[in-house]
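Here's a structure for you.
We did not get these values from a lab; they are worked out from the coordinates using the rules stated. Keep in mind it's a predicted model, so treat the numbers as computed, not measured. Cβ sites come from the backbone with ideal geometry, for glycine too, and all protein chains shown count toward neighbours.
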């Protein structure tokens, strides 16, 4: 197998899923690919670039084309897809939050949201999408942490269905807030 950036990102994602963010290292990625760590640097200049590429890979799955004609459906669909993408990988919420905060990723996790909100007349589309993103990432961080704590026996179980219901409620509250903050029609 040829060593490519995609292969390195895939290996990094597998390590993230298996060992978590704390144990994701260039050496471990190289070992999993059967190469020396130095061989990775031709494709990714440093660990931060690798983490950003993994975060981009996770986020990209949530940014599929969707119907932009209905604001509520767009927001719900995007939020649910992003939540699912983050939940699909161990520590993904923490990784995506860090990459986004440091401006490391090349993919904006909010996708077309700002433009769609602006078209709908939202007075602060960037701040609105930021609020949605923080809600989604924060909710998933708590879900992933509680699930790991339950798995380790540190808490008595984790109810994924209740967490999903809480997410849907919070999402509805945010969408209601978007409508409440819309300026009145002229």
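Can you tell me the 0 to 90 degree angle between the C-alpha axis of helix 5-19 and the longest principal axis of the chain, rounded to 10?
90 degrees
Taking only Cα atoms, what is the 0 to 90° angle, nearest 10, from helix 47-60's long axis to the longest principal axis of the chain?
40 degrees
So, one more: For the stretch 52-96, list log₁₀ I(q)/I(0) at each q in 0.17, 0.18, 0.19 Å⁻¹, using the Debye formula over Cα point scatterers of equal strength and ignoring solvent, two decimals each.
-0.47, -0.52, -0.56
Still on this structure, please answer the following. Against the longest principal axis of the chain, how steep is helix 92-101, in degrees 0 to 90 to the nearest 10, with axes from Cα atoms?
The helix 92-101 is inclined about 80 degrees to the chain.
Kirkwood Rh, the stretch 130-186, all Cα pairs: how many Å?
13.0 Å
Still on this structure: Write down, largest first, the equivalent ellipsoid semi-axes of the stretch 44-128 in whole Å, where each equals the square root of 5 times an eigenvalue of the alpha-carbon gyration tensor.
25, 14, 10
Using square roots of five times the C-alpha gyration tensor eigenvalues, list the equivalent-ellipsoid semi-axes of the stretch 109-154 in whole Å, biggest first.
33, 8, 5
Another question, if that's okay. So what is the 222 nm mean residue ellipticity for the chain from helices alone, if each DSSP H run of at least 4 adds -39500 (n - 2.57) and you divide by all residues, rounding to the nearest 500 deg cm²/dmol?
Numbers: 9 runs with 124 residues, N = 186.
The helix-only estimate for the chain comes to -21500 deg cm²/dmol at 222 nm.
Oh, and also: Using the number of other C-beta atoms within 10 angstrom as an exposure proxy, rank 98, 172, 69 with the fewest first.
Lowest count first: 69, 172, 98.
With only alpha-carbon atoms counted, please give the Rg and Dmax of the stretch 1-100, in Å.
Cα-based Rg and Dmax for the stretch 1-100 come out at 15.2, 50 Å.
Would you look at the GNM of the chain, springs on alpha carbons closer than 10 Å, and say which of 156, 56, 91 moves the most?
156
Please identify which residues in the stretch 29-47 have an amide N closer than 18 Å to a label point set 7 Å out from the Cα of residue 60, following the Cα→Cβ vector.
Residues 43-46 fall inside that zone.
Which one, 152, 24, 75, has the greatest fluctuation when you compute a Gaussian network model over the chain with C-alpha springs under 10 angstrom?
In the Gaussian network model the winner is 152.
By how many nm would the segment from residue 173 to residue 120 grow when fully extended, if each residue of separation counts as 0.36 nm and the alpha-carbon distance is taken off?
17.3 nm
Calculate I(q)/I(0) for the stretch 54-186 by the Debye formula, one identical point scatterer on each C-alpha and no solvent, and give its log10 at q = 0.20, 0.23 Å⁻¹ to two decimals.
Summing over Cα pairs of the stretch 54-186 leads to -1.18, -1.44.
Test of understanding: what is the full-extension gain from residue 84 to residue 46, defined as 0.36 nm times their sequence separation minus their Cα-Cα distance?
Stretched out fully, the residue 84 to residue 46 stretch lengthens by 10.9 nm.
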